[in-house]
Amino acid sequence: MPQNVRLTNLSWSELRVTWDEPDNFYGPNRGYVIKLYTSTDLDVVKDRIDVAQNHTEYRISGLEAATSYTVEVRANNGENRGPPGNATVRTSDGFPSPPTNISRQEENSHCDISWSPPAVPRGDIIGYNVHVQGHYPIDGKEIQMGEYPMKSTDSTSIRLLKSTKTEILDLLPNSVYTITVTGFTYTGEGNFSRAVNCTVPPGKPSKPESPVLPEEPKVDSTTFPLQVKPAPERNGPIGCYHVVVVKSSSTDNLPDPEMLQPDKTLEEAKNSGNDVTAYIAMALTPDTVGESTTVTVGDGRVTSCNPQHGGRKRRALTSADVYNQEYTNSPLEPGSSYTTSVRAYGPNDGEQPYFSASQYMDPVSTAGDREGIPVHLAGMIGLGVVSALLLVALVASIAVNIVQRRRQATSKSTREAKSTTVQNDAYDDTYTDTVTSRAKDDGTYCDIIDDDITKRRGPAYGTSQDGEYNTPDVGGEEGAYQTLDPRTLEPGNNEYQKLAKKRNFQQTVIPSQH
């Protein structure tokens, strides 16, 4: 008898038998004879398979999946066959044949699919895969989706829910589905069953894109521009678009756009007592939106989706509210922040209107305290402007102080502490102006030094050849002093102020209390 007979499962249709030589042939080695059968030795599958003397292995193919086989191996000395060495093994599960008797029962809300198990299971059927392939029309063309497994089940029936006007379920709106079923074992999935169809009418529209500001937007105190793009018509045609405006500087705490309950007008929203001021600003027909359109929020226009108006509209509880009512695009409040969401409604079928809503856009601040910029940038920009202004003021102050000290030093050495008496035209008082002591009053003192004292023109105001303006020559000194009422320095108030715009002052001294 051959020693250590073994049967190995190579696949669901192939086995390999191996063995060791017998202890004694009692004659010459003439090879081996193999027999293969199923439940009993009478159910022979393969008989008298001759194997050469120098081989101790043989492969048997063409077998059935998930079936138990027994093999016998006998040694042959040319005259006789010795006793058999036996081994038994089960082939792997295979790929099942298609499920049979598939049928469909269609209702308005669902399709029920049922079937019978495969005629040839080739192993233990673990479950079934339900495959769908959808077709939907867009712009007069039939679009085909890729086939994919929808659900798995261990039953022989399944219910597929159709999407509605308010929910997206198993089967998408506006589609015709081809449905097939396969069974699977541990080895894998079998062949497809016969196909059945299930039709889903148009329903909840696809989501529109979020509205955005156009490039280089012009935002003023009561309006801002908005770019609106259409929703895909995958789930069916669009009947109307609504632009919903929400007064808010952040979208974090706002309700989901589809759960938001906007009022029909800004006035109603203000008086509603709700935590959020939300209203429908405009309604747009699909023709108006086209591939993209730019509208102005707050421009005061009245719009409607009613064909008679050919304009735009809002979301409400009835189809009349959505498709027929007019909406006023009320001006916005200056210095306030707003966000928007676009709603896409299906065609007007006279029933409850249905829609999908885009996500909120980034809030925008109207001009006022912030000059019409996205609100998340307003604080940063405002801080930068303030910092820049403070820096400019600081630099200017330092520069004036440096020039002032230099001019004071030059004036002191030249005037040698001599006094000059001038008349105050504003208050009819006389003041003594010296280097070391200056009388204090409500007047504004301007200390004016000309580098060229030979070019003064006397009492009247005039210009020197180098373009500098001179004041009256009092006392024949290097400088002249004039006391001025502060009102004379108001912009455009008198001729002196006009000349001062071009004048190159060498020194200006302002008393600290003024």
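The values are calculated or read from the model by the stated rules, or taken from the named source; none is laboratory data. Worth saying up front: this structure is predicted, and the values here are computed from it rather than measured. Cβ placement follows ideal geometry from the backbone for every residue including glycine, while neighbour counts extend to all protein chains displayed. The protein model used for the area step is the full one, side chains on, heavy atoms only, and it has no ligands, DNA or RNA in it. Shrake-Rupley method; radii C 1.70, N 1.55, O 1.52, S 1.80 Å.
Would you confirm, using the coordinates I've provided, whether residue 123 is open to solvent by less than 20 Å² (accessible area, probe 1.4 Å), on the phi > 0 side of the Ramachandran plot and touching an Asp or Glu at 6+ places or on another chain (Cβ under 9 Å)? Here the answer is yes, as residue 123 does meet what is asked. The set of residues in segment 104-138 being of a type in the set (Ser, Thr, Tyr) and more than 20 Å from residue 172 (Cβ to Cβ) consists of 114, 116, 128. Out of 219, 245, one residue alone is part of a strand (DSSP E or B) and either in contact with a Cys (Cβ under 6 Å, 6 or more places away or on another chain) or touching a residue at least 24 places away in the same chain (Cβ under 8 Å) (or both). It is 245. Count of segment 37-83 residues, restricted to those that are open to solvent by 40 Å² or more (accessible area, probe 1.4 Å), touching a residue at least 40 places away in the same chain (Cβ under 8 Å) and out of contact with any Asp or Glu (no Cβ under 9 Å at 6 or more places or on another chain), is 9.
Residue 204 falls short on exactly one of the conditions (1) within 21 Å of residue 289 (Cβ to Cβ); (2) part of a strand (DSSP E or B); (3) of a type in the set (Lys, Arg), and that condition is (2). In summary, residue 93 fulfils each of the numbered conditions (1) within 60 Å of the chain's Cα centre (by Cα); (2) charged (D, E, K, R); (3) assigned to a strand (DSSP E or B) with the single exception of condition (3). Residues considered: 269, 281. Of these, the only one that is modelled with pLDDT of 95 or more and buried (at least 20 other Cβ atoms within 10 Å of the Cβ) is 281. Out of (1) open to solvent by 70 Å² or more (accessible area, probe 1.4 Å); (2) closer than 13 Å to residue 81 by Cα; (3) among the hydroxyl-bearing types (Ser, Thr, Tyr), the odd one out for residue 32 is which? All conditions are met except number (1).
All of 304, 319 fail the test of being at pLDDT below 95, more than 24 Å from residue 212 (Cβ to Cβ) and open to solvent by less than 10 Å² (accessible area, probe 1.4 Å), apart from 304. Taken over segment 199-239, residues that are surrounded by 21 or more Cβ atoms within 10 Å (Cβ to Cβ) and on the phi > 0 side of the Ramachandran plot amount to 1.
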